[in-house]
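Student: Below is a structure I'd like to ask you about.
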Amino acid sequence: MDEHEPTYGMRTRMIHSARAANETTAVSPPIYQTSTFLVGTPEEGAALAAAVAPDHYYSRYGSPNTRQVELLLAALEGSEAALAVGSGMAAIATALLSNLRAGDHIVAQRTHYTGTMTLLTTTLPGYGIAVTQVDQRDTEAFARAIQPNTRVVYTESPTNPTMDLTDLRATAEIAHTAGALAITDNTFASAYNQHPLDLGYDLVIHSATKYLNGHADVTAGVLVGARRLIESAWEYARVHGPMLHPFEAWLLRRGLNTYGLRMAAHNANGLAVARFLEGHAAVERVYYPGLASHPQHALACQQMPGGFGGMLAFEMRGGYDAAYRAIGRTKLCLLAVSLGGVETLITHPASMIHTHQSDEERAAAGISPSLIRLSVGIEDSEALLRDLDRALGA
């Protein structure tokens, strides 16, 4: 868009910010389904081979489709640059491993997405990278865990699935005081609701599979932040190869066009369902930062100015058996893992998501046998409440 135009809102940016990367006259840009591109001269080929993230050279390096997505995501987070890769876990691994070496130390919170937990507890130590995990609700624990060789403070807020929050501004300050980078996974909150770069973070990660795409038909990830960090991450990705293919990038760009509309609906439905469940006789407890009963509700209001999202969890009275009966009775709430799509998904975290953790690790993360996770979609809220009421009944 013209740099002299007034600042546009999010919905406008998600439609028009990538227009400069569409060199065709097609309103909907084409899919560049090619692995390589012609170059005009040997000199041009040499220059492209040495460039960072060329989008008309070789598709592992980049493509017009990924370039369009990266422009949209940089505009969304207000960052200098973005890098799109093949999955959320690829984004997390790229963000960490492009900034850590053997002998380094990372401070991370205790509760993360299950794939991230394996990365922290098994993969990084196997590379000679020490990891200290702390309770994300105890900000001072991050400061106490800092060591002379700490290079990264890594967080995720809200957590999956118990919706605990991390004080992002405070943890960014702790990282920077130690000379370390602050990196966070913003998937659950999403950029509509939370802006970690504004709170001092250096790199922000999303599983673009979730809210950014929003249609359960793409697996993708993204890193956003300072250009120097994104260029370093691109070099790691160039060598390790977690590329985002052109068709998936095209689908992700299409999903981003309606991002603002979808997130507003997710926020409204999430709050309505959380309030309904909190008053239901079959429910023991609801985990949702938008509820006044959430122990970190004040922090949520401070660092999630856009809203509280569509993710929540709740514990059933009656334990494991009651939870299993409920997830098998829903009609509109679909029994499936993942999250952030237009459809509402219901799952049992202890048996369907966190199966790679031990009973002790699940208990430490607050994942009880009676816990149910909901990814609230954009259906009519009244229909969702009726479906849940029927499923939770005796």
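Since every read-out is calculated from the coordinates, none of them should be taken as a lab result. The structure presented is a predicted model; accordingly, all values stated were derived computationally and were not measured. A quick note on method: Cβ atoms are made from the backbone with ideal geometry, for glycine too, and the neighbour counts reach across all protein chains shown.
Student: Give the percent of DSSP beta bridges with both residues in region 10-257 that are antiparallel, rounded to the nearest 5.
Tutor: Antiparallel: roughly 40 percent of the beta bridges in region 10-257.
Student: Under a point spin-label approximation (7 Å from Cα along Cα-to-Cβ), what is the Glu235-Arg317 distance to one decimal in nm?
Tutor: 6.0
Student: Same structure again: Taking DSSP loops as anything outside H, G, I, E and B, show the longest stretch in the chain free of GluC sites (Glu not before Pro) there with at most 11 other beta carbons within 10 Å.
Tutor: The longest uninterrupted stretch comes out as 24-394.
Student: Now for a separate question. Provide Ser35, Ser232 in ascending order of the number of other Cβ atoms located within 10 Å of each residue's Cβ, fewest first.
Tutor: Least to most surrounded, the residues fall as Ser35, Ser232.
Student: At 7 Å along Cα-to-Cβ for each site, give me the label-to-label distance between Tyr58 and Arg19 in nm.
Tutor: 3.5
Student: So who's got an amide H within less than 5 Å of the one on Leu312, skipping anything under 5 residues away but keeping other chains? H placed 1.01 Å off N, in plane.
Tutor: Leu374, Val376
Student: Another question, then. Given region 10-257 reduced to its alpha-carbon atoms as identical point scatterers, what log10 I(q)/I(0) does the Debye formula return at q = 0.07, 0.10, 0.14, 0.17 Å⁻¹?
Tutor: These q points yield log10 I(q)/I(0) values of -0.23, -0.47, -0.88, -1.23.
Student: Let me ask you something else. Counting Lys and Arg as +1 and Asp and Glu as -1, what is the net charge of the other residues whose Cβ lies under 15 Å from the Cβ of Tyr61?
Tutor: -2
Student: Here's a follow-up. In whole Hz, with x marking every Gly and Pro, tabulate ³J(HN,Hα) for region 268-279 from phi via Karplus 6.51 cos²θ - 1.76 cosθ + 1.60, θ = phi - 60°.
Tutor: 5, 5, x, 5, 5, 5, 4, 5, 4, 5, 5, x
Student: Can you put Val273, Val239, Val342 in order of Cβ neighbours within 10 angstrom, beginning with the fewest?
Tutor: Ascending number of Cβ neighbours within 10 Å: Val239, Val342, Val273.
Student: Let me ask something else. Positive end of the charge dipole of the chain (Lys, Arg +1 and Asp, Glu -1 on Cβ, about the Cα centre): tell me which of Gly290, Gly393, Leu124 has its Cα farthest that way.
Tutor: Result: Gly393.
Student: Related question: Mind checking the alpha-carbon convex hull of region 1-97 and giving the volume per residue in Å³?
Tutor: Residue-normalised Cα hull volume stands at 142 Å³.
Student: I would also like to ask the following. With each run of n ≥ 4 DSSP H residues scored as -39500 (n - 2.57), what mean residue ellipticity at 222 nm is computed for the chain after dividing by its residue count and rounding to the nearest 500 deg cm²/dmol?
Tutor: -11000 deg cm²/dmol
Student: I need the phi-derived Karplus couplings for region 297-305: 6.51 cos²θ - 1.76 cosθ + 1.60, θ = phi - 60°, integer Hz, Gly and Pro marked x.
Tutor: 4, 4, 5, 4, 5, 6, 9, 10, x
Student: Each residue of region 113-119 in turn: what ³J(HN,Hα) in whole Hz from Karplus with 6.51, -1.76, 1.60 and θ = phi - 60°, glycine and Pro shown as x?
Tutor: These are the phi-based 3J(HN,Hα) values: 3, 4, x, 5, 4, 5, 4 Hz.
Student: Quick one: which residues, 5 or more positions from Ser157 or on another chain, have an amide H under 5 Å from its amide H? H modelled 1.01 Å from N in the peptide plane, none for Pro or chain starts.
Tutor: Here the answer is Asp185, since their amide H atoms fall under 5 Å of that of Ser157.
Student: Using amide H atoms built in the peptide plane, which far-off residues or other-chain residues are under 5 Å from Glu284 H to H?
Tutor: Distant-sequence amide H within range of Glu284: Glu315, Met316, Arg317.
Student: If you don't mind, there's one more thing I want to ask. Please give the charge dipole size of region 259-392, origin at the Cα centre, charges +1 on K and R Cβ atoms and -1 on D and E Cβ atoms. Round to the nearest 20 debye.
Tutor: I would put it at about 160 debye.
Student: How big is the dipole moment of the chain about its Cα centre under a simple scheme where the beta carbon of each Lys and Arg is +1, that of each Asp and Glu is -1, and everything else is neutral? Debye, nearest 20, please.
Tutor: Dipole size: approximately 560 debye.
Student: Right, here's the next one. Over region 93-162, what portion of Cα pair distances is larger than 21 Å, expressed as a whole percent?
Tutor: 18
Student: Tell me the angle of helix 88-97 to the major Cα principal axis of the chain, expressed in degrees between 0 and 90 and rounded to the nearest ten.
Tutor: The angle comes out at about 70 degrees.
Student: I would also like to ask the following. Label points 7 Å out from Cα along the Cβ direction at Glu80 and Arg11: separation in nm?
Tutor: Using points 7 Å along Cα→Cβ, the separation is 3.3 nm.
Student: In addition: Length gain on complete extension for the stretch Ser338 to Ser35, per 0.36 nm per residue less the alpha carbon to alpha carbon distance?
Tutor: 106.1 nm
Student: Also, quick follow-up: In nm, what is the difference between 0.36 nm times the number of residues separating Asp389 and Ser351 and their Cα-Cα distance?
Tutor: Value of the extension gain: 11.4 nm.
Student: Which one of Ser35, Leu168, Gly225 is farthest out on the positive end of the charge dipole of region 10-257, using unit charges on Cβ (Lys, Arg +1; Asp, Glu -1) and the Cα centre as origin?
Tutor: Farthest along the dipole direction, towards plus: Ser35.
Student: Between Pro246, Ala18, Gln68, whose Cα lies farthest towards the positive end of the dipole of the chain when Lys and Arg beta carbons carry +1 and Asp and Glu beta carbons carry -1, centred on the Cα centre?
Tutor: Of the listed residues, the answer is Pro246.
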